[in-house]
Amino acid sequence: MKGIYSCLLSLLMISCLIFRSAAGIEISSKNHLVLAKYYIINGNIEKARHLLEGITKLPDNLEDVRKWYLSLIAFIDGDYNKSLVLGQTGITQYRHQCLMNIINLISLNKTMKEIKKELHLCKLRTAPFTHNNHFWIDNIVKIREKIIKIDADESDEKKTILDYETTHRMLINADSNEKVKLILKLALFANQEDQILKDLHIFSEESFSSHNIRELIGFLYLHMEDKQKVMEFIEDIDSANAENIKGNIELSAKKHELALGHYNLALKKKSNSQNALERAIPLTIALEKWDMGKNLTKRLNHTGVDKQQILALNAMFNTHLENYKKAWEQLERLNITFGDQIPNKILQIKIFLASVLDYHDKLDQYSDEACKKFSGIDCWIQLQTMVWKNFSKHLKSTQTTIHKQSYFKKNLKKKSTISPIDEEIFIDQKEIGELDDTDAVKLLLKLEI
């Protein structure tokens, strides 16, 4: 109860800070750090960066926190060098970021001497907090060392980064399900599934009764593309992970309805499961389940997916649901983000909405922009707006454009009787000739004079 109360207070404080920030009310540098952390956790990296770079004066310990957050953002952006530099300057936060420093060193292809030095310091500082004796980071460094040796070896002998003897010894010495899970995850990380699967007979009855371990074994078999074995291990498990695996199997068999059903079950277990959402939303589009797709996009808000992408998806679903004005409002908000660089797909939706909503100026504007980006259909639409006074009205017209059946190909192929055209005589040709003769005589008489 105390934990729930504390969590509610934290959420209330964050909401208050967001409101004050949006209203332009000044907040302290420390509260800027709190907001930045919130934005990083929720995937809004640009807002977090903006807040952190705007902080000027902080005590040394809080300045280290700021550098830690900036190091994390650089790591997310893939700028490992910047992340490493920032990570090695924040002394008070070293135990929080030293693991990331090691990953940065590996990503930058630094020497094993540098990596092992960082590993040694990191293990000393984090020893009181580890629950698995640094299993992960130790083995990642060992795998890195093995890769360097394999790359340096010019022999044709096939070598693996995680040999069977190592995993076999690990499994024999594993004295808890937690350690078994770590070993299975390591095999998945190193793509050495076949080596672990050879030793399934070593697993205890207690291990096989663990849903988490059976899920991981299912993942191993899924990587080996043995779908029958996958189902043997996870069929009676109804967790989010198990449902996602079942969905993937149905999806690979092109059974889209069944796959979508499994992903929805996964989302009932874990409402923001990114694995389920990444597959379920495209399936709702393929199966034309617009309402379901629109509801699923709401769950993307706290998954790190770009806010503009979520807004564009919502607009697309509203367009299919014929909520045209709502879709138009959502896409117009994207103009602030994209400016003159609106993506082609969004432009095409806007052109369709402008024609449906009779926004003639906007139809002309956006079809012109799309045409300049070499979109053939939009160039044609732009041309029609020049030809027709009210093109969108004609576009929505349900009247037939061809009224006579004789114009159709099947009628053109039939033999028809050719009848002469009746000519109605208004002026007799003889009278015209006589008039011409009279004029000629008059002209001759004039010349004689």
Checklist entry - Residues of the stretch 272-322 being touching a Lys or Arg at 6+ places or on another chain (Cβ under 6 Å) and assigned to a loop (DSSP other than H, G, I, E, B), which ones? => result Asn272
Next on the checklist: Anything in the stretch 44-54 that is surrounded by 18 or more Cβ atoms within 10 Å (Cβ to Cβ) and in contact with a His (Cβ under 9 Å, 6 or more places away or on another chain)? List them, or say none.
Outcome noted: Leu51, Leu52
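Suppose we filter Lys229, Lys185 for residues that are surrounded by fewer than 19 Cβ atoms within 10 Å (Cβ to Cβ), over 30 Å from Glu114 (Cβ atoms) and under 36 Å from the mean Cα position of the chain (by Cα); which single one remains? Lay out the reasoning, then the answer.
Numbers: Lys185 fails: over 30 Å from Glu114 (Cβ atoms).
Just one listed residue meets the conditions, Lys229.
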Checklist entry - So which pairs qualify, if the first residue must be in the stretch 383-396 and closer than 18 Å to Lys350 by Cβ, the second must be among the acidic types (Asp, Glu), the Cβ gap must be under 7 Å, and the two must be at least 6 apart or on different chains? => result Thr385/Asp364; Ser392/Asp358
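Every number here is computed from the coordinates shown, using simple stated rules; none is lab data. Bear in mind the structure is a predicted one, so any value in this text is a computation, not a measurement. With ideal geometry, Cβ positions are generated from the backbone for all residues, glycine too; neighbour counts draw on all protein chains shown.
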